[in-house]
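This report concerns only the one structure given below.
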Amino acid sequence: EDNSIDLTIYNVHKFPENMDYQILRKEEIVLVLNKNHPLCKKAQTKEGFLHPWLDLKMLEKENFILLYPDQNTGGIAQSLFKEYSMEPTVLLHTRNSAMSIRLAIQGLGAAFAPESYFREESRFFPEGCCFSIGAKPVLTTSIAAYQKKKYLSQHARDYMEILKNYAASLSASK
């Protein structure tokens with residue numbers, strides 16, 4: 001057992017059972033398309049969703065650029081496809097979130113991403129648009145995780161507090 005890591009920060013869709021953690025923030029996973037994609041015109045306003053909503057089933061014939069299933073967003077994508085009984089065409093599997101977003105923005109297919117990742121990439125690639133999906137908003141959770149029942153130093157606790165305050169400021173600025 002390696003005990004060399006005091007604190008790690010990452011997004012989860014399944015919470016770790018072998019670690020203690022604190023939730024930093026929740027964020028919507030969005031569908032990314034090129035703004036000229038024909039389905040963009042079919043998006044609708046739906047109560048409880050932050051962005052125009054698309055029925056994922058409408059993308060059944062679409063090419064997808066996906067992260068691997070062992071990655072957070074890739075695992076969420078697999079869960080969505082299972083929920084919608086879809087077996088989409090996967091144009092590309094990648095471990096690079098930015099690349100999947102950029103390729104979708106360029107019109108090569110559809111991708112899933114945390115909303116903040118999309119916002120960051122769209123600063124440089126404004127041809128994209130994002131959509132809410134799912135029967136309810138699809139969320140990812142950012143956590144600060146640490147070894148179970150192990151003393152966490154004061155500087156690590158202070159760092160987690162800084163992260164929580166920063167995450168709260170992001171949510172407040174929307």
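Residues that are open to solvent by less than 40 Å² (accessible area, probe 1.4 Å) and within 30 Å of M160 (Cα to Cα) within the stretch 13-68 comprise P16, L24, R25, E27, E28, I29, V30, L31, F49, H51, L67, listed in sequence order. Residues that are more than 24 Å from A98 (Cβ to Cβ), part of a loop (DSSP other than H, G, I, E, B) and hydrophobic (A, V, I, L, M, F, W, C) within the stretch 1-54 comprise I5, L7, F15, F49, listed in sequence order. Set side by side, the residues F131, F118, F112, F125 differ, and just one is modelled with pLDDT under 95 and either open to solvent by less than 10 Å² (accessible area, probe 1.4 Å) or not acidic (D, E) (or both), which is F125.
What are the residues in the stretch 104-159 that are within 13 Å of the chain's Cα centre (by Cα) and aliphatic (A, V, I, L, M), if any? Those that are within 13 Å of the chain's Cα centre (by Cα) and aliphatic (A, V, I, L, M): A111, A113, I133, V138, L139.
Considering only residues that are of a type in the set (F, W, Y) and surrounded by fewer than 19 Cβ atoms within 10 Å (Cβ to Cβ), which ones fall in the stretch 134-168? Residues satisfying the conditions are Y151, Y159, Y166. Taking the criterion of being at pLDDT 95 or above and out of contact with any strand residue (DSSP E or B) (no Cβ under 6 Å at 6 or more places or on another chain), the residues of the stretch 48-59 that qualify are D55, L56, K57, M58.
Pairs meeting the criteria (first residue in the stretch 97-118 and free of Cβ contacts under 8 Å to residues at least 24 places away in the same chain, second residue assigned to a helix (DSSP H, G or I) and among the aliphatic types (A, V, I, L, M), beta carbons under 9 Å, at least 6 apart or on different chains) are Y117/A98; Y117/I101.
Among residues of the stretch 35-63 that are in contact (Cβ under 8 Å) with a residue 40 or more places away in the chain and under 24 Å from Q78 (Cβ atoms), those with a Cβ under 9 angstrom from a residue that is open to solvent by 60 Å² or more (accessible area, probe 1.4 Å) and among the acidic types (D, E), sequence gap 6+ or separate chain, pair up as L56/E83.
The values are calculated or read from the model by the stated rules, or taken from the named source; none is laboratory data. Everything numeric here is computed off the predicted structure, so don't read it as measured data. Methodologically, a virtual Cβ is constructed for each residue, glycine included, from the backbone with ideal geometry; neighbour enumeration extends over all protein chains shown. Each accessible area value is taken on the protein alone, full model and side chains, heavy atoms only, with ligands, DNA and RNA left out. Shrake-Rupley method; radii C 1.70, N 1.55, O 1.52, S 1.80 Å.
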